[in-house]
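Have a look at the structure below, then the notes.
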Amino acid sequence: MKTAIITGITGQDGSYLAEFLLNKGYFVVGLKRRTSSICTDRIDSFYDHANFKLRYYNLNDSGCFYRLLLEYKPQEIYNLAAQSHVKVSFETPEETVNAVAMGPLRQLEAIRAVDPTIRFYQASSSEMFGVNPDAPYNEESRLMPASPYACAKVFAHNLVNNYRESYGLHASSGILFNHESPRRGETFVTRKITMAAAKIQLGFQDKLYLGNLDAKRDWGFAGDYVEAMWLMLQQETPEDYVISTGETYSVKAFLESVFETARLDIEKHVEIDPSLFRPQEVPYLLGDSSKAKKKLGWKPKIKFKELAAMMYSYDIKRIRELAFEPKGE
Ligand code: NAP
Ligand code: G4F
């Protein structure tokens, strides 16, 4: 039985990847940082699985990572942990860069020392293309990061390449474009919109405040994207891959799609809040994942409209259940 370590297990991608690997028969060690509230909602469905173990780890903690490698002897490591919110990275740049850039450095050093045959996946991001005007972006496109988060991701991305070339590690970066799901963090724009629409529809909220509606993103479904992570580590040769849908839509288009499904009036319920704009914006992201299609045989299954409808229908069902379920005796 193969063993995989996943950092960031409590996040959106960590939970989908763990389910995917458990279904493939892996033993999965999920790493969670200590938080004052337990926060295991996304992993409750497999928390008690016989082949799953939850352990503590923080991206700052090198010694902890060495011990985990020695204890579990994994064949694969997926580094998904990060302070992943771009706007927050302008407010907490040092914490973000320490986790996002230095975390993978510490992990790669541990792999090199403990077992250089371990295969490593790094969660790189389309944010790294930043303000590069020449979309669509592929693996060769110029990186022009526009936030502390993206600068740190570029560092980690280059480092993976450096450790691959210098030490022969099987280390790959997936340059993933935005991917969403009903498990998306509630402060990212898609989930903020679907949750607000559900609450407005059920009478629990009146206004939704948003920032820049003109930004365009290449939005896919997280459940599709974790398969690509796994495929990268099954290749004989480690390489980097762009993972995207090849279609781009504005924040406004996502809002319109959800509000149309919810039969809500944007004019009545949505207001622009200037404090939600970023010091520097990434205006346009569009990916070209031809390489992943050709070499990994990967392609996205769920596209924009279906994704928006899926997220809204999950939120309205959940909020209805939370609000109206019987409270017991
Ligand atoms: P997410 O939902 O924000 O999850 C991030 C995970 O990292 C959470 O489990 C979080 O723990 C953990 N974490 C944060 N700081 C940590 C630290 N110092 N030590 C240990 N764990 C820490 O992010 P996601 O959407 O699943 O994304 C997964 C990865 O892909 C991230 O690296 C992200 O930057 C990258 N990425 C995401 C996208 C996307 O569109 N989703 C696109 C490209 C790249 P808590 O639960 O305690 O906060
Ligand atoms: O949903 P967002 O916060 O995602 P963003 O900044 O694109 O970053 C996400 O995708 C990256 C991959 O490209 C990941 F690396 C990163 O970890 C994260 O998962 O914002 C999307 C767009 C932005 O242009 C933002 O300015 O929506 C705009 N926006 C407008 N109003 C808003 C809001 N974003 C947020 N979070 N909240 C708003 O109220």
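Numbers for the structure displayed
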item: Residues of segment 230-244 satisfying the condition of being in contact with a Leu (Cβ under 9 Å, 6 or more places away or on another chain) and surrounded by 16 or more Cβ atoms within 10 Å (Cβ to Cβ); result: 230, 231, 232, 238, 241, 242, 243, 244
item: Selected residue (only one of 71, 91, 76 is within 26 Å of residue 116 (Cβ to Cβ) and out of contact with any helix residue (DSSP H, G or I) (no Cβ under 7 Å at 6 or more places or on another chain)); result: 71
item: Any chance residue 106 is surrounded by fewer than 24 Cβ atoms within 10 Å (Cβ to Cβ), in contact (Cβ under 8 Å) with a residue 40 or more places away in the chain, charged (D, E, K, R) and under 19 Å from residue 14 (Cβ atoms); result: yes
item: Candidates 147, 126, filtered to the one that is of a type in the set (Gly, Ala, Ser), within 14 Å of residue 284 (Cα to Cα), in contact (Cβ under 8 Å) with a residue 60 or more places away in the chain and within 13 Å of ligand 1 (Cβ to nearest atom); result: 126
item: Single residue of segment 284-298 satisfying the filter (surrounded by 15 or more Cβ atoms within 10 Å (Cβ to Cβ) and not in a helix (DSSP H, G or I)) that is nearest to ligand 2 (Cβ to nearest atom); result: 285
item: Single residue of segment 156-181 satisfying the filter (in contact with an Asp or Glu (Cβ under 7 Å, 6 or more places away or on another chain) and closer than 22 Å to residue 314 by Cβ) that is nearest to ligand 1 (Cβ to nearest atom); result: 178
item: Helices (runs of 4 or more DSSP H) within segment 27-146 that include 1 or more residues closer than 20 Å to residue 188 by Cβ and at pLDDT 95 or above; result: 86-91, 93-97
item: Cβ-Cβ under 7 Å pairs, at least 6 apart or on other chains, segment 61-81 side free of Cβ contacts under 8 Å to residues at least 60 places away in the same chain, far side basic (Lys, Arg) and within 16 Å of ligand 2 (Cβ to nearest atom); result: none
item: Answer from 246, 223 - the residue that is of a type in the set (Gly, Ala, Ser) and farther than 18 Å from residue 78 by Cβ; result: 246
item: Some residue of segment 195-214 being aliphatic (A, V, I, L, M) and surrounded by fewer than 17 Cβ atoms within 10 Å (Cβ to Cβ); result: yes
item: Pair list, Cβ under 7 Å, 6 or more apart: segment 280-293 residue under 11 Å from residue 212 (Cα atoms), other residue more than 16 Å from ligand 1 (Cβ to nearest atom); result: 281/212; 282/131
item: Residues satisfying the stated conditions in segment 70-101, i.e. of a type outside the set (A, V, I, L, M, F, W, C), within 13 Å of ligand 1 (Cβ to nearest atom) and in contact with a strand residue (DSSP E or B) (Cβ under 7 Å, 6 or more places away or on another chain); result: 78, 79
item: Residue within segment 303-326 that is without any contact (Cβ under 8 Å) to a residue 12 or more places away in the chain and among the hydrophobic types (A, V, I, L, M, F, W, C) present; result: yes
item: Residues within segment 14-26 that are closer than 21 Å to residue 65 by Cα, in a helix (DSSP H, G or I) and away from ligand 2 (no atom under 16 Å from the Cβ), tallied; result: 2
item: Criterion (in contact with an Asp or Glu (Cβ under 6 Å, 6 or more places away or on another chain) and within 14 Å of ligand 2 (Cβ to nearest atom)) met by exactly one of 187, 194; result: 194
item: Complete set of residues in segment 113-137 that are among the polar types (S, T, N, Q) and either surrounded by 18 or more Cβ atoms within 10 Å (Cβ to Cβ) or within 15 Å of ligand 2 (Cβ to nearest atom) (or both); result: 122, 124, 125, 126, 132
item: Identity of the residue in segment 142-183, within 18 Å of residue 216 (Cα to Cα) and surrounded by fewer than 22 Cβ atoms within 10 Å (Cβ to Cβ), that ends up nearest to ligand 2 (Cβ to nearest atom); result: 146
item: Candidates 200, 193 - the one that is away from ligand 1 (no atom under 16 Å from the Cβ), in a helix (DSSP H, G or I) and touching a residue at least 60 places away in the same chain (Cβ under 8 Å); result: 200
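The values are calculated or read from the model by the stated rules, or taken from the named source; none is laboratory data. Remember, predicted model here, so these are calculated numbers, not experimental data. Note: ideal-geometry Cβ built from the backbone for every residue, glycine included; neighbour counts use all protein chains shown.
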